[in-house]
Amino acid sequence: MKSSRLLSILLRLQSRGLMTAQQLADEFEVSLRTIHRDIDQLSYAGVPVYAERGRNGGYRLMDGYQTRLTGLDADEARSLLLAGLGSALDDLGLLEAASQTELKIMASLSGSTRDQAILVSERFLLDPLGWYQKKTTAPFVPEVASAVWNERRLSIEYESWNGVVDRVVSPLAIVLKAGNWYLVALVETPRVYKIANVRSIKVLDETFLRPKTFDVSAFWHSWIADFERRLKSQPVALRVSSTGLRMLNELGFVSQSPVQIPKRKGWFSVNVHMEVGVKAVRDVLSLGSEAEVHEPAAFREDVIAEARRVIDLYVS
């Protein structure tokens, strides 16, 4: 464990530059005393690490120093090749570079480790799209990615729900979710743009200072939770069969603690949150006779009215 931590400290200092003892202690969940001892061990081993004193001080490696680590074990090689995203890398314009990197890494591995890596690459495939979905065309992904890497501002023409808008944004990150590319960009506050809805784009000569405290993973998960909460704002009480419960989950509606309905074997009471409007009505009707709206009464009437319109369409 200690040797692994020493290696991790070395790699962090190499990739991030200056780091305080407190930052290192927080990341490895150890005491400051342990970090100071680890730094001493690195120095004794010949690693040119030194301390910068003062309020903004910390530890850093001597300029120009770079460790050469080529000994990946089997588990590391497996996990490395699991990171391949195939078409996603192609969208970013990085597929050729990634292929060359993979070849170089494979060439550096020992025979048995290389065999393990090849085995995983031959037996694991990542397909990020849902069933019955096709990949969304997003022609501006390489330009957006380049602006993200180089901290260049973008001028975009964007088609939102409220119409077409022009924006000058500071691109912070790019996200791939369920086969769709999204741009996280700063416009006073961080906002999310679906890249497929960008109608035109221009990479500006103007750069920007990326906020050091911005964490794309934390922001994205918070934004998703808030988006789903705002989108699915209507609480609905349903009575569903066991088949209907499975179908409901497949539609993406997470039901909390289904309750068995007395004297109605195989049926449950569930509470879910749905959108307001016709989309929710049609979602319920897609469950057919496996589900019934219990509350709210107004939504139940909307479902009944839509069902009657369907019947009239077929019997007229």
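The set of residues in the range 235-252 that are closer than 13 Å to Ser286 by Cα and either touching a strand residue (DSSP E or B) at 6+ places or on another chain (Cβ under 7 Å) or open to solvent by less than 30 Å² (accessible area, probe 1.4 Å) (or both) comprises Val240, Gly244, Leu245, Leu248.
Just to check your reading of the model, which residue among Gly84, Gly111 is at pLDDT below 70 and in contact with an Asp or Glu (Cβ under 8 Å, 6 or more places away or on another chain)? Answer to the check: Gly84.
Taking the criterion of being touching a residue at least 12 places away in the same chain (Cβ under 8 Å), of a type in the set (Gly, Ala, Ser) and either closer than 16 Å to Leu6 by Cβ or surrounded by 17 or more Cβ atoms within 10 Å (Cβ to Cβ) (or both), the only residue of the range 46-63 that qualifies is Gly58. Just one residue in the set Ala291, Ala305, Ala297 is of a type in the set (A, V, I, L, M), open to solvent by less than 50 Å² (accessible area, probe 1.4 Å) and without any contact (Cβ under 8 Å) to a residue 12 or more places away in the chain; that residue is Ala305. Within the set Ser3, Ser99, the sole residue that is in a helix (DSSP H, G or I), at pLDDT below 85 and open to solvent by 80 Å² or more (accessible area, probe 1.4 Å) turns out to be Ser3. Arg199: open to solvent by 70 Å² or more (accessible area, probe 1.4 Å) and more than 19 Å from the chain's Cα centre (by Cα), yes or no? When the stated conditions are applied, Arg199 passes them. Of all the listed residues (Thr207, Thr243), the sole one being more than 23 Å from the chain's Cα centre (by Cα), of a type in the set (Ser, Thr, Tyr), within 30 Å of Leu18 (Cβ to Cβ) and at pLDDT 90 or above is Thr207.
Taking the numbered list (1) outside any strand (DSSP E or B); (2) surrounded by 14 or more Cβ atoms within 10 Å (Cβ to Cβ) in turn, Pro171 passes all entries but (1). Of all the residues in the range 249-263, those that are assigned to a loop (DSSP other than H, G, I, E, B), modelled with pLDDT under 85 and not aliphatic (A, V, I, L, M) number 6. If you go through the range 195-226 and keep only what is out of contact with any helix residue (DSSP H, G or I) (no Cβ under 8 Å at 6 or more places or on another chain), part of a helix (DSSP H, G or I) and closer than 16 Å to Trp149 by Cβ, you end up with just Val216.
Closer than 30 Å to Lys265 by Cα and assigned to a strand (DSSP E or B), is that true of Val240? Judged against the criteria, Val240 is a match.
The values are calculated or read from the model by the stated rules, or taken from the named source; none is laboratory data. Just so it is clear, the model here is predicted, and its values are computed rather than measured. Reconstructed Cβ throughout: ideal geometry from the backbone, glycine too, with neighbour counts over all protein chains shown. Accessible surface is based on the protein model in full, side chains and every heavy atom, while ligands, DNA and RNA are left aside. Shrake-Rupley method; radii C 1.70, N 1.55, O 1.52, S 1.80 Å.
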